[in-house]
Each structure stands twice: as structure tokens, then as C-alpha cells.
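Accompanying notes for the structure given below.
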Amino acid sequence: MTLQWTVVASFLYAEIGLILLLCLPFISPRRWLKVFTFRLWEKIASFWNRAFLTIIVVLIILFFDAIREVRKYSANHGTGKDEKLLPNMYDHFNMKLFRAQRNLYISGFSLFLWLVLRRMITLVSQLAIAMGENQALKVQTENANEAAKRYLEENEDLRKASNRHKDDGNTKLEEEREQMLKEIDKLKTELEETTEALAKSQIEMVTFRKQYDGLTREYDRLLKEHDELQNLADKHDKKTE
């Protein structure tokens, strides 16, 4: 294997390792978000898009080069007559064809997994942000409920005090009562808005989770295919040797 294809194969193995890490269930998306927000990542964030596009262009070039090699050796694949006359050359063409096909799979999987890795990182970040917003909305809802209960209790106490002292400061208590009722209505409105925002955030989080699970299943299927192709490649290399 030449140097460029050794680099591409190492890059493919690194992609597989990173995707496996992202699929580990005991590492939550919020922890990954903390990793993605390190100061080091913030410094290289401006170069990330350029590096991403550059790697895509390089992998596409290698992919089409592998296609060209496969077509070349497939077209030059020996006929039955050449196989009988020049068996060594026929074996050499078979070896070249197999290596071209192997390079095609390596570059194709590297390109595909690079796109999958970018999408998985985006989904994990969005899921972590949605989980954080959901937690904040829950806390806000609980605080609003506690405040509403407190105002209701205070309103009830004022009502009882108003009944005991109808003749003393009746007008002032009525004004305070009306103010309390306005504040309660305001808190109820805020509570309804917060509840709607919480429901919307939960729906978005479920959607992100479904997308994340779908990408995980697709990756497992592709990893299984890659293992089968790698085993086939190893068997053919042994036969060639």
C-alpha cells in the first residue's frame, strides 16, 4: 500500500474510533458539548470549515482516482487466451485490480464517514443545547409554580384578614387584593408560556434523539460491511502472497 493510501486508511480508522466514542451510551451529549467548547476548539473554529472542505476535496479526488484505476484494470483484465499464455501477467492484473478496488472502498468509506461524523457532532451539540434549555425551562416552571402558590396563600390570608377587619382599612385591603390578583394572573400567563416552551423543547429533543439513533444504526451497518470487506481483502492478500 502506497503512502497516500496508508494515510487514507489511517484516517478511516480514526473516523471509526471517533464515531465509536460518540456512540458510547455513558458519555452524555452535555459532556460532549463541554468538550466541543474547550478554548482550544474555539481557537481553531475559524479553520474548521476550511479543513473540512479541504479534506472532502482530497477524498473526492482520491475516490475518483480509485474509480479510474478500477476501470483501467477492469478493461485490461486478461481474456482466457491471455490467461493461458501469460499466467503471471494475468495474476499481476488481478492483484492490481484488487488493490484498486480496495482503495476505492477505503476512499469511499472515508468520505462517507467524514460526512457522517460532521453530522453526528452537529446533532450531539444540538441535543445537548436542547437538554440544557429543557432543564432551564423545568427550573423556571417550578419557580413560577412556587411563586403562584405563595401569592395564592398570601391572597387567602388577606381575604381572611379582610373578613375579620371589614371596618378598618377596607379600601386599602381591597386595593392590595386587586394588585395580588393582577400579579397572580400575570404569573399564570407566564406559567402557560413557559409550559408551552417546555413542550416545544421536549419535542425538538425527541426529534434530535431519533436522528441520532438513525445515524448510529446506519453507522453500525456500514461498519459491519467494512469489516466484511476488510476480511475479504486480507484473504486475497494472503492468496496473492
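The values are calculated or read from the model by the stated rules, or taken from the named source; none is laboratory data. This is a predicted model, so every value here is computed, not measured. All Cβ positions, even for glycine, are placed from backbone atoms using ideal geometry, and neighbour counts span all protein chains on display. For accessibility, only protein heavy atoms count, side chains too; no ligands or nucleic acids. Shrake-Rupley method; radii C 1.70, N 1.55, O 1.52, S 1.80 Å.
For this structure, a couple of remarks:
- Evaluated against (1) under 28 Å from Phe11 (Cα atoms); (2) modelled with pLDDT under 85; (3) open to solvent by 40 Å² or more (accessible area, probe 1.4 Å), Thr54 falls short on exactly one condition, (2).
- Selection of the range 89-144 for residues being open to solvent by 60 Å² or more (accessible area, probe 1.4 Å) and over 28 Å from Ala9 (Cα atoms) yields Gln126, Ile129, Glu133, Gln135, Lys138, Val139, Gln140, Glu142, Asn143.
- When the range 7-32 is filtered for residues that are under 17 Å from Ala66 (Cβ atoms), open to solvent by less than 60 Å² (accessible area, probe 1.4 Å) and β-branched (Val, Ile, Thr), only Val8 remains.
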